[in-house]
Amino acid sequence: MASSSSSFKSYTTIPILFIFVAFVCTPVMSNPVLSDSSSSNQTLWPRLDLQKLNRIRNYLKKINKPAVKTIQSPDGDLIDCVLSHLQPAFDHPLLKGQKPLEPPERPKGHDSMNSTGFQLWTEYSGKTCPEGTIPIRRTTEKDLLRANSIRRFGRRRIRTGVRRDTRSSDHEHAVAFVNGDQYYGAKASINVWTPQVTDQYEFSLSQLWVISGTFGNDLNTIEAGWQVSPELYGDNYPRFFTYWTTDAYQATGCYNLLCSGFIQINNKIAIGAAISPRSSYNGRQFDIGIMIWKDPKHGHWWLEFGSGLLVGYWPSFLFSHLQSHASMIQFGGEIVNTKSMGFHTSTQMGSGHFADEGFGKASYFRNLQVVDWDNSLIPLSNLHLLADHPNCYDIKAGKNNVWGNYFYYGGPGRNSRCP
């Protein structure tokens, strides 16, 4: 049914019909702290802004670690190869002086997702970071100047993510989820597109969530997938990302490696870097494999990307409820609707097309599985669907022998039925 292409699984045939559910990289010699600024730029700043600029530069000194090698990506990103023990995670007081753990046992029933997960920064040159280092997307002055707050840079805004009262929020979802049991991980292949995001402070993402706690201030989540976020990255490329929180997105957690927490062990994957290739309407389809699971031996939550590439792990002590297990697994899309023009946003979710359009037109998740108490991957049971603004973004699910549990989802945002 499928043929492999580059880093992704590519599909050329249409799956069985729905069962509808009711509900050029070159080394760069530069200072990773102040690479995108010069003394001459300071003359462009009013005196009142110099204090902010100094805060930005102090922050960059903290977040950007010394690089043994730097690779320039065709999209403009600088990827710093940082010694593994100097990565941001080890700034955490409970991790200082430690080294990354050895890879754990994968869940039973796990098989390769047939994708190597190349990213734009490695695709054309084939270069990766040396052994003993990890690739980190460099944070720049421009990144921080786009942010509303330096203090909350790299964090989602409060009232986001998986809150169930989504009608009162500016975050809109089309998701599938399971709950009512104890979960120890999840796995899916996620179709990759380049949705249009029409406002700098909006985003469009497709991801899986591992969730525990209530939907109050004690919410714990681990998240991974792809996102388009002009505010965070300064462009409209879909990028591989992670997120975590232990207090409902308030003071803990962050995207990618923008705070101490996630420990990376892989020298080939840069979290936050652009994904390539991407799917096209009526053209070839590409997806990325994501698996998150709890290591039974040490209790940490591990992340795998593509075909067997272990990215790293979230130490269990970061969490409260997720120290034991998850109580919900969620898959799907999310956008931000700021209504900055006074009406619903035209920011797209997925491919920007509704679920009814099907393969090659609508975005999909396929081969959805969860990890049980015995560290075994099992099919989903009692899958629920939720589209909180179905005239803007919707979702429809099915099941077959090739894709297992799957769904199509997404939409264009503003249209005649979504004013």
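Laboratory data are not the source of any read-out in this text; all were calculated from the coordinates shown. Predicted, not measured: the structure shown is a model, and the values here were computed from it. Ideal geometry is used to build each Cβ from the backbone, glycine not excepted, and the neighbour counts take in all protein chains shown.
What distance in nm separates the two pseudo spin-label positions at SER416 and LEU50, each 7 Å out from Cα along the beta-carbon direction?
5.9
Shape verdict for region 307-369, please, from the Cα gyration tensor: rounded (a/c under 1.5), prolate (a/b greater than b/c) or oblate. Write down the numbers at each step before the final one.
Working: a/c = 2.66, a/b = 1.54, b/c = 1.72.
Because a/c hits 1.5 or more and a/b fails to exceed b/c, region 307-369 counts as oblate.
Averaged over all directions, how much area does the convex hull of the C-alpha atoms of region 191-320 cover when projected, in nm²?
On the way: hull surface 35.5 nm².
If I average the Cα hull's projected area over directions, I get 8.9 nm².
In square nanometres and to one decimal, what's the mean projected area of the convex hull around the Cα atoms of region 257-369?
Values: hull surface 40.7 nm².
About 10.2 nm², averaged over all directions.
Can you work out the Karplus-derived ³J(HN,Hα) for every residue in region 281-295? Use 6.51 cos²θ - 1.76 cosθ + 1.60 with θ = phi - 60°, whole Hz, and x for glycine or proline.
With coefficients 6.51, -1.76 and 1.60, one gets 5, 6, x, 6, 10, 10, 9, 10, x, 10, 9, 10, 8, 8, 5 Hz.
Sorted by mean Cβ packing within 10 Å, highest first, what order do the peptides 408-415, 96-103 take? Mind showing how you got there, number by number?
On the way: 408-415: 24.8, 96-103: 11.9.
By packing density, highest mean first, the sequence is 408-415, 96-103.
Using modelled amide H (1.01 Å from N, peptide plane; none on Pro or chain starts), what sits under 5 Å from the amide H of ALA274, excluding residues fewer than 5 places away?
Answer set, sorted by chain and number: LEU120, TRP121.
Could you give me the ³J(HN,Hα) list for region 186-197, computed from phi with Karplus coefficients 6.51, -1.76, 1.60 and θ = phi - 60°, whole Hz, x at Gly and Pro?
Working through the residues one at a time gives 7, 8, 6, 10, 10, 4, 10, 10, 10, x, 6, 10 Hz.
Residues with amide H under 5 Å of GLN285's amide H, sequence separation 5 or more or different chain, H placed in the peptide plane at 1.01 Å from N; which?
Under 5 Å from the amide H of GLN285 lie the amide H atoms of TYR11, each far enough along the sequence or on another chain.
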